[in-house]
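Here's the structure, in structure tokens; my notes come after.
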Amino acid sequence: MEAKSIGKFIATLRKANGYTQAQLAEMLGVSNKTISNWENEVSYPDLSLIPVIADMFNVTSDELLRGEKNNKNVQVDNKPNEQYIEAKTNKIKDSLNTILYFLY
């Protein structure tokens, strides 16, 4: 069985959704260097971000950790509109605030 890469999968999902590393970093509250490190397998996302990233890209946490979608027939939008991006960003911020609330 071929090992899949979480970082490469994040890169694929990010590009398929039309995000730059800087845009994704801003939405997740991390630096664009952090995104680059994930995508180049230098480091991996913090465990608390896995469900947030999965939700952002409409995949399951399991799929994200495995580095591939279970259903190969699912298509990803190439260019999300501004309202979609804003809604997703707000949802991610809410999720991060909830996580931070419980961490502190």
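What number of residues within segment 29-46 satisfy the criterion of being open to solvent by 50 Å² or more (accessible area, probe 1.4 Å) and under 12 Å from the mean Cα position of the chain (by Cα)?
Going through segment 29-46, the residues open to solvent by 50 Å² or more (accessible area, probe 1.4 Å) turn out to be 29, 31-33, 40-42, 44, 46.
Narrowing the set further to residues that are under 12 Å from the mean Cα position of the chain (by Cα) leaves 29, 44, 46.
Residues meeting the conditions: 3.
Right, LEU64: open to solvent by less than 10 Å² (accessible area, probe 1.4 Å) and assigned to a helix (DSSP H, G or I) or not? So LEU64 fits the description; yes. Can you say whether GLU26 is at pLDDT below 95 and open to solvent by less than 70 Å² (accessible area, probe 1.4 Å), as far as the supplied structure shows? When the stated conditions are applied, GLU26 does not pass them. Candidates SER48, SER95: the one that is modelled with pLDDT of 90 or more and among the small types (Gly, Ala, Ser) is SER48. Checking each residue of segment 65-78 against the condition of being under 12 Å from the mean Cα position of the chain (by Cα) and modelled with pLDDT under 95 gives at least one match. Tell me, which residue of segment 50-60 that is open to solvent by less than 20 Å² (accessible area, probe 1.4 Å) and in contact (Cβ under 8 Å) with a residue 40 or more places away in the chain is nearest to ILE92 (Cα to Cα)? The residue in question is VAL52.
Taken over segment 37-56, the criterion of being within 21 Å of GLU68 (Cβ to Cβ) and in a helix (DSSP H, G or I) is satisfied by ASN37, TRP38, GLU39, LEU47, LEU49, ILE50, PRO51, VAL52, ILE53, ALA54, ASP55, MET56. Filtering segment 14-23 to residues that are part of a loop (DSSP other than H, G, I, E, B) and open to solvent by less than 40 Å² (accessible area, probe 1.4 Å) leaves ASN17, TYR19.
The values are calculated or read from the model by the stated rules, or taken from the named source; none is laboratory data. Being a predicted model, the structure only gives us computed values, none of them experimental. Counting neighbours? That spans all protein chains shown, and the Cβs are built from the backbone with ideal geometry, glycine included. With ligands, DNA and RNA removed, areas are computed over all heavy atoms of the protein, side chains included. Shrake-Rupley method; radii C 1.70, N 1.55, O 1.52, S 1.80 Å.
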